[in-house]
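The values are calculated or read from the model by the stated rules, or taken from the named source; none is laboratory data. On a predicted model such as this, the values are computed, not experimentally measured, just so you know. Because the Cβ atoms are built from the backbone with ideal geometry, glycine has one as well, and the counts that use them run over all protein chains shown.
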Amino acid sequence: MGIGPSTKETSLHHFRDPLLDVISSDEELDLLGIIIVGTPDNQEEKMLVGTRAAVLAESMRADGAIISADGWGNSDVDYVNTVEQLTKRGIAVSGLKFVGTSGGFVVESPNLNAIVDINKSKGGTETCVLGENSVTELDARKAAAMLKLKMRRG
């Protein structure tokens, strides 16, 4: 499985990204930056990109991070590895991801306890409606609230 029409974020969505709007306007959070990471095919590179993203966040002295992905299946490996790498470095993590009725992530981790499912379709599945399962302002607010709670708990 790959990214389908309902989880695709259009250019307009990126220009009006709800997560960026919510985080940048939240007075309790300090937006340090955005890290964009690809999804390699090779397992070794999958581990490398998550580790590098976490090392970068650590070097910026981030207290927390929200990670977002618009794919599922094989990209879960990268996503979960990034969550693990951030957590190992003492960085609180929440996230946004399409989960739907797939039964969860293809890999497991106890650190996936603050992930907002961006599924909006009634059946919990990928659909042919462009952007139907994209991040909304409500999704972003939930992820921000979960991150704040995790950061407060230390």
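Would you confirm whether or not the stretch 74-85 contains a residue that is out of contact with any Lys or Arg (no Cβ under 7 Å at 6 or more places or on another chain) and within 16 Å of Ile118 (Cα to Cα)?
The answer is yes; a qualifying residue exists.
Going through Ala92, Ala145, Ala114 one at a time, which residue ends up being crowded, with 21+ Cβ neighbours inside 10 Å and in contact with a strand residue (DSSP E or B) (Cβ under 9 Å, 6 or more places away or on another chain)?
Selected residue: Ala92, the only one of Ala92, Ala145, Ala114 that is crowded, with 21+ Cβ neighbours inside 10 Å and in contact with a strand residue (DSSP E or B) (Cβ under 9 Å, 6 or more places away or on another chain).
Does any residue of the stretch 65-82 turn out to be more than 14 Å from Glu9 (Cα to Cα) and acidic (Asp, Glu)?
Checking the stretch 65-82: at least one residue is more than 14 Å from Glu9 (Cα to Cα) and acidic (Asp, Glu).
If I filter the stretch 51-91 down to residues being under 12 Å from Val37 (Cα atoms) and of a type in the set (A, V, I, L, M, F, W, C), which single residue comes out as nearest to the chain's Cα centre (by Cα)?
Across the stretch 51-91, the extreme among qualifying residues is Ile67.
Out of Gly95, Gly90, I need the residue that is under 28 Å from Leu12 (Cα atoms) and not acidic (Asp, Glu). Which one?
It is Gly95.
Against the condition in a helix (DSSP H, G or I) and without any contact (Cβ under 8 Å) to a residue 60 or more places away in the chain, how does Thr39 come out, does it pass? Walk me through how you get there before you give the answer.
Working: in a helix (DSSP H, G or I): no; without any contact (Cβ under 8 Å) to a residue 60 or more places away in the chain: yes.
For Thr39, the condition - in a helix (DSSP H, G or I) and without any contact (Cβ under 8 Å) to a residue 60 or more places away in the chain - is not met.
So Glu44 fits all but one of (1) at pLDDT below 95; (2) closer than 22 Å to Lys142 by Cβ; (3) surrounded by fewer than 17 Cβ atoms within 10 Å (Cβ to Cβ); (4) of a type outside the set (Gly, Ala, Ser); what number is the exception?
Only one criterion in (1) at pLDDT below 95; (2) closer than 22 Å to Lys142 by Cβ; (3) surrounded by fewer than 17 Cβ atoms within 10 Å (Cβ to Cβ); (4) of a type outside the set (Gly, Ala, Ser) is unmet by Glu44, namely (2).
Go through the stretch 117-142 residue by residue and tally those that are loosely packed, with under 15 Cβ neighbours inside 10 Å and either among the basic types (Lys, Arg) or farther than 22 Å from Gly100 by Cβ (or both).
So the count comes out to 1.
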